[in-house]
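To start, the structure under review is shown below, and the notes come after it.
The values are calculated or read from the model by the stated rules, or taken from the named source; none is laboratory data. If you're wondering where the values come from, they're calculated on a predicted model, not measured in any experiment. So basically every Cβ, Gly included, is an ideal-geometry build from the backbone, and we count neighbours across all protein chains shown. Areas reflect the complete protein model, heavy atoms only, side chains present, ligands, DNA and RNA absent. Shrake-Rupley method; radii C 1.70, N 1.55, O 1.52, S 1.80 Å.
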Amino acid sequence: MKNILEAPFMVEMIRTTTNMYDHGWDERNGGNISLMLEEREVSEYLDIGNVLRTIPTGFTAPELDGKYFLVTGTGRYFKNVQYKPDANLGVVRLKEQGQQADLLWGYSEDGQFTSEFPAHMMSHVVRMKIDPANRVIMHCHPANLLAMTFVHTLDEREFTRTLWQMCTECVVVFPDGVNVLPWMLCGTNEIGEATAEKMQTARLVVWSLHGIYGAGKDLDETFGLIETAEKAAEIYMKIAHLPRVNTITDEQMHQLEKRFGIKAREGYLD
Ligand code: 2HA
Ligand code: ZN
């Protein structure tokens, strides 16, 4: 059996949580990540018949039975993942209609998966139907996106258009735009269901006054997606109080659609 701490998925997870912490997106225990793994890759590092304990999930998601995930732990700090991966991360396999999770590795200090496990798992169910290559759900608290939800309308078309207008490449990176949830109680099945519903039409879902969710095929791509939206929000927060002299026009965004072979969300450009 190979050393799981050297598995590419583990190395990438440790690098990503560290990088997110360094970006200031994951203060204290803020943020969480789930990465779907293939049984084939897990079996290289773990005896998949050796279940350490079984943890109830509190929701039902039959589509996830037999699926493996590497998930950050509840109450754990991204800052510390690099120093103690086995206490801050866990590998689980879902069963019994997604109502139970077998722990195969990690959460060594009597831990368990993130409190936002429902939002993650329900979002995986939605995104894997839309894009079978989707593997990652990522949540964090980037300051400028969060700040923007205090001062900008939460209308999804308007919020998306503002972000697209802040950097030329935004419409190329997230042509499906950004969906927005109002403030809701975090850690619940309700916010999980609402997030998954929003994931039907966009890979980015803002939780107003809280943070953001992103979905993607790998950690790098999902990080880049949130990074791009956060950069746009940063520019917005720098200029929102100043008179706007120039802007990226809808006609210029149509040029970007042609140049990069993407299609902006229906009805979002004039
Ligand atoms: O637990 O970010 O939304 C950390 C969180 C909850
Ligand atoms: Zn959060």
Inter-site label distance for residue 52 and residue 254 at 7 Å from Cα along Cβ, in nm:
5.6
Which of 88, 246, 144 moves most in a GNM of the chain, Cα contacts under 10 Å?
246
Simple spin-label estimate for residue 190/residue 238, 7 Å along Cα→Cβ, in nm, reads 3.9
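One-quarter of the Cα convex hull surface for the chain, in nm²?
Projected area, direction-averaged: 14.1 nm².
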Carbon/sulfur accessible area of the chain, % of total, 1.4 Å probe, equals 50
Kindly express, to the nearest 10 degrees and within the range 0 to 90, the angle between helix 219-239's C-alpha long axis and the longest C-alpha principal axis of the chain.
40
Extending each Cα 7 Å along its Cβ direction at residue 147 and residue 19, get the distance between those two points in nm, one decimal.
2.3
With +1 on each Lys and Arg Cβ and -1 on each Asp and Glu Cβ, and nothing else charged, work out how big the dipole of the stretch 99-256 is about its Cα centre, in Debye to the nearest 20.
340
Grab every C-alpha pair in the stretch 160-206, bin the distances at 10 angstrom width from 0 up to the longest one, and report whole percents.
27, 45, 23, 5
With a/c under 1.5 counting as rounded, go ahead and sort the stretch 1-133 into rounded, prolate or oblate using the C-alpha gyration tensor (a ≥ b ≥ c being the square roots of the eigenvalues; past the cut-off, prolate if a/b is larger than b/c, else oblate).
rounded
For residue 135, net neighbour charge (Lys/Arg +1, Asp/Glu -1) across residues whose Cβ lies under 12 Å away:
-4
Per-residue ellipticity at 222 nm for the chain, helices alone: DSSP H runs ≥ 4 residues times -39500 (n - 2.57), over residue total, nearest 500 deg cm²/dmol?
-11500 deg cm²/dmol
Cβ under 11 Å from residue 87's Cβ, residue 87 left aside: what net charge do those residues give with Lys, Arg +1 and Asp, Glu -1?
-1
Coordinate range along principal axes, alpha carbons of the stretch 116-270, Å, largest first
44, 33, 27
Dipole axis of the chain (+1 Lys, Arg; -1 Asp, Glu on Cβ), positive-most option in 178, 99, 167
167
The stretch 139-270: Lys pairs at Cα distance under 23 angstrom, eight or more positions apart or on different chains:
6
Dipole-positive endmost among 151, 114, 43 within the stretch 40-163 (Cβ charges, Cα centre)
151
Starting from the Cα-Cα distance between residue 263 and residue 99, subtract it from 0.36 nm times their residue separation and give me the gain in nm to one decimal.
55.3 nm
So with the 1.4 Å probe, I'd like the accessible area per residue for the chain, rounded to whole Å².
44
How far is helix 8-22 tilted off the main Cα axis of the chain, in degrees rounded to 10, range 0 to 90?
50
